[in-house]
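The values are calculated or read from the model by the stated rules, or taken from the named source; none is laboratory data. If you're wondering where the values come from, they're calculated on a predicted model, not measured in any experiment. Side chains included, ligands, DNA and RNA excluded: accessible areas come from the protein's heavy atoms. Shrake-Rupley method; radii C 1.70, N 1.55, O 1.52, S 1.80 Å.
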Amino acid sequence: MTQPEEGAAEVPVEPSETAGGARHSGKFDAGPKLKRTRVSGTWVAVIVALIVLVFLLVFILQNQDTATVHFLGLSGSMPLAVAMLFSVIAGGALVALVGGARIMQLRKQAKKSRHQLR
């Protein structure tokens, strides 16, 4: 069998049996598949975060109307989009706090289970 030239299309070959008796698809392999890494995942996350930040900036710039905000006896005025941004940040912090507590609880339980198995 000959290898395809660089840039050549995938050439189908008659299916045949290998030395171990297993059949293969008859197509040339492009080479080893690259494994995903944490760095590549982080790169994708950074790009998605930048896109979200651009949309957030556009939202804030388009919603400059002043709103009066009352919270725990305090009151003040600020742009509506900024008030909404603060509420989203507070909600995210609350979710992270509860999620972090649950993760710590599960880790503690898993650690206890591992020690019982020994």
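Screening region 94-118 for residues that are part of a helix (DSSP H, G or I) and basic (Lys, Arg) and picking the one that is modelled with the lowest pLDDT gives 114.
How about region 62-79: which of its residues are open to solvent by less than 70 Å² (accessible area, probe 1.4 Å) and within 35 Å of the chain's Cα centre (by Cα)? Result: 63, 67, 69, 78, 79.
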